[in-house]
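Let me begin by presenting the structure, written as structure tokens, before commenting on it.
The values are calculated or read from the model by the stated rules, or taken from the named source; none is laboratory data. All of these numbers come straight from a predicted model, not from anything done at the bench. Counting neighbours? That spans all protein chains shown, and the Cβs are built from the backbone with ideal geometry, glycine included. Note: accessible area is taken over every heavy atom of the protein model, side chains too, but ligands, DNA and RNA are not part of it. Shrake-Rupley method; radii C 1.70, N 1.55, O 1.52, S 1.80 Å.
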Amino acid sequence: MVKLAEPAASLLADYAPLEGVFDEMVDETGQPRAHWRPFVDALARLGRAEIARRADGAARRLREAGVYYRAYDQDADQAWPLSSTPVIIDTEDWRTIEAGLIQRAELMEAAIADFYGAQRLVRDGHVPASIITGSPDFLRPMVGATPAGGRYLHFYAADLGRAPDGRWWVLADRAQAPSGAGYALGNRIALSRTLPETMHELDVRRLAEFFQRFRETLTNRAAPDSAGVCLLTPGPYNETYYEHAYLARYLGFLLVEGEDLVVRGDKVFLRTVAGLKKVDTLLRRLDADFTDPLALNPGSRLGAPGLVDAARSGAVCFANALGSGIVESRALMAFWPRLARELLGADLKLPNVATWWCGDAAKRDEVIARFDDIAFAPAFLGHRNPLFSKGAVSGRDLAPDARRELLDQLARRGGDFVGQEMVKLSSTPVLNNDRFEPRPFQLRVFLAATENGWTAMPGGFCRVSSRRDPLAINMQRGGLAADAWVISDAPVGYRSLLPSAASPDLRRGIVALTTRTAENMFWLGRYLERADASLRLVRALAARSGERDHAAVAASEKIIAILQWWGALPYRQDDAVWPAADAAHHAMTSTDAYGAPPVLVRRALNAASAIRDQLSPDAWRIIKALDRQMMEGADAHASETYDRAERSLRELAAFSGYAHENMTRTTGWAILDIGRRVERGLSLARFISRLGVGDTTPATLEALLELCDSQITYARRYFVTASPGAVADLLIFDDDNPRACAFQAARLRALLDELPASARADAAKTFRESIVQLEASMTGCTPDRVDAAFVFKVEEAFFAVATAFSNLYLSDHDEGAGR
């Protein structure tokens, strides 16, 4: 047990460091290291109960903000597992890390340039040709092509571990599309709200300057007439999509997918609602092999045909350049010390873990002789081998059959494997219930190429093991994430990500909006409005579930019929009538009926997920909370149906209020509102046709007013029982009533001015005419003469508007190239 001085003794008295490893917090005497002591003392002053409360608060904020990840072998999103204890790095350690990784980034850049250029390193025997040409990350179409701007690497990361003697080692290089920087930023924001006074007291270096310099470098590359810097993502099903959306929103970049891009004459364009917009800078978070199905992986559906030609011609700058992932090869780890001396004329300041490439017969014999003390792994990332289904393996831990199989493969194809030293990682404290316990960790540090050279993020992304085993090989799955605090040797001031220019150019122009984003905005509005209508039907039915009056029962049966037509409720055998309570409960809990509230909300969530970069954390939080309400209520009792529908409607009202009061009136907002207005108009027409015309009663008309949220307005205007003509006037013709058809038509006409001009004149004319026809459909009839045919005509007119809008802005069109 550690012997600590007060006040830390009460908090960490039972802290037991792992044997044989470097403990980040305490030294060999059992006392906190100098740079950890202020942190330990600060936590001791808070006390165990307050620490636990703050940790729970951090977890709740991350959950509500929708921070998640998705493992490769899992379909469901996983909550982000943030440790409430950071890894603290002192100034001297950080200087060592920073200098070593800047040198390593320069080495990677020089090596990639040679591999795709002169290839002198292979020709002169410094690295075997099979390590280069045998790598799946070596892209032959890029040989001889100089990347736009002359740089291959713009963003680089390295995974680090600390050995028992306190030295830092590089465990892996990340140059393909390094992930984790966005999560590191999210970790920092969450922990800064959990321990704000502690961060200030320790003078923890801030991250904003790093991101600002990286953003400015890329932004300065983009031409003024381009769409700006675009972040290319594989899409919402990627395991780190949250990070892509988070970084795009934080940096002010446009999040795009392969389907948003089109290549014309070796130039790249973005499909937007206003036509094609030139793209010349892509921050790539998509593995290079998937970027172009014509030149690279023909099975890819994530990229765009022609991107390789555009890159070769220099028309588009990829950050990182296509093919940069070759330096991630484990086989190259065996050669970096030699290559550093050849390319940089110096030894590595920060060595990597000892590695032996088994394609060299002598090295292979050496690792086989030390089989039980070696970790084995594929020489190249992406090579599939059942022996390594969970990552690298320890020779001593292999079962006899697996041992024989690996030895056989080493003999036959030694070049496919590497042996590596079994590294023991240092440990850092984590809070487990109300106790601090040591756990091994790895640190990923990020570097960005700027106009003034490489700069390192002062901190990084830590992965903390869920087990006490310090071997790096056992860190491959599970565990926690942690923030990394770099202590400054000077007071740290506030730093904003906003540009430092005193008087930036004023802009109010429309930001490019891709057709994919527009489509998801449109359907987000429609699904939320459709969910609102479905919930109103459920609530109205649940409110009448105890009624025995014949008129009220008849109104309930009509609502049930609407829910069945709506797709929220199945038809029963022999056309038997659903009991009202059962029908409402079934619709409220169904996850397979296409018109049921849970299904509609989940579709809205899916649409929102595809445009995370367009939504604020507050907007996302509302939609996520609504979806959570739906899923958590699957086992709710029927008696709770009314209250659950009521709560869900309040969440929808919160989103409507947010959209009305907080969203800037951009094209995206206009399209979201168009989706809502079209869907509301359709719902109104359908409610009116089934409850407001034909064989109506006061009970059915009152149900209709309730569904259209117009009971109070009607009661204040008319002091009589609901009549068909007055109800029709209020719900169809009253353009002052937000729940009237005429109001939706007027809003759609007003939104025309919020949309960008289109080069597709015929489609634009059709869309405008559809709104004129919609308004005309509500003329030539008085409220007392409204019948089913008239309401159907209004419904068809709303459909025509939706179709015309989709044909104009959401269809795949390429006109306007070069605008």
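Of note:
- Amide H to amide H, with H built 1.01 Å from N, THR281 comes under 5 Å of CYS230, CYS317, counting only residues 5 or more places away or on other chains.
- Loop-located chymotrypsin sites (Phe, Trp or Tyr not before Pro) across region 673-769 with a Cβ neighbour count of 12 or fewer within 10 Å are PHE719, with loop assigned by DSSP.
- Taking every lysine pair in the chain that is 8 or more places apart or spans two chains, those with Cα atoms closer than 27 Å amount to 12.
- Gyration tensor (alpha-carbon) shape descriptor, region 635-731, a/c threshold 1.5: oblate
- Rounded FRET efficiency, nearest 0.05, which uses the C-beta distance separating GLU201 from ASN385 and R0 of 30 Å: 0.05
- Accessible carbon and sulfur surface of region 276-348 relative to its total accessible area, %, 1.4 Å: 46 percent
- Of the chymotrypsin sites (Phe, Trp or Tyr not before Pro) in region 60-153, the ones in a loop by DSSP (not H, G, I, E or B) with at most 10 other beta carbons within 10 Å are TYR72.
- All Cα pairs of region 545-641, percent lying beyond 17 Å: 58 percent
- When the Cα gyration tensor is reduced to axis lengths a ≥ b ≥ c, the ratio a/c is 1.5 or higher for region 132-287, and with a/b not above b/c it is classed as oblate.
- Here the accessible area of region 513-663 is 46 percent carbon and sulfur, with a 1.4 angstrom probe and all protein chains present.
- For region 354-421, the solvent-accessible area with a 1.4 angstrom probe is 52 square angstrom per residue.
- Cα gyration tensor shape for region 734-792, rounded if a/c is under 1.5, else prolate or oblate: oblate
- When shorter helices are ignored and each DSSP H run of at least 4 residues is given -39500 (n - 2.57), the per-residue value for the chain at 222 nm works out to -13500 deg cm²/dmol.
- Rounded to the nearest 10 degrees, the inclination of helix 741-751 to the longest alpha-carbon principal axis of the chain is 40 degrees.
- Computed extension gain for ALA362 through ALA223, at 0.36 nm per residue and net of the alpha carbon distance, reaches 44.7 nm.
- Over all pairs of different C-alpha atoms in region 63-165, the reciprocal of the mean inverse distance, the Kirkwood hydrodynamic radius, equals 18.0 Å.
- Each of ALA484, GLY323, LEU107 was scored by the projection of its Cα onto the charge dipole of the chain, and the greatest displacement toward the positive side belongs to LEU107; charges sit on the C-beta of Lys, Arg, Asp and Glu.
- Computed from the Cβ-Cβ distance with R0 of 45 Å, the FRET efficiency linking PHE719 to ALA49 stands at 0.15.
- 0 to 90° range, to nearest 10: angle between helix 181-194 axis and the chain longest Cα axis: 80 degrees
- Comparing Cα centroids, region 518-581 and region 363-388 end up 62 angstrom apart.
- C-alpha center-to-center spacing [region 162-218, region 20-51] in angstrom: 21 Å
- The C-alpha atoms of the chain define a longest principal axis, and helix 241-251 lies at about 90 degrees to it.
- Burial ranking of peptide ranges 642-652, 50-60 (average Cβ count within 10 Å, highest at the top): 642-652, 50-60
- Taking only the C-alpha atoms of the chain, the Rg (one decimal) and the largest Cα-Cα distance, Dmax (whole number), read 31.2, 99 Å.
- The fraction of Cα-Cα pairs per 10 angstrom bin, counted from 0 for region 108-168, comes to 18, 41, 25, 14, 2 percent, rounded to whole percents.
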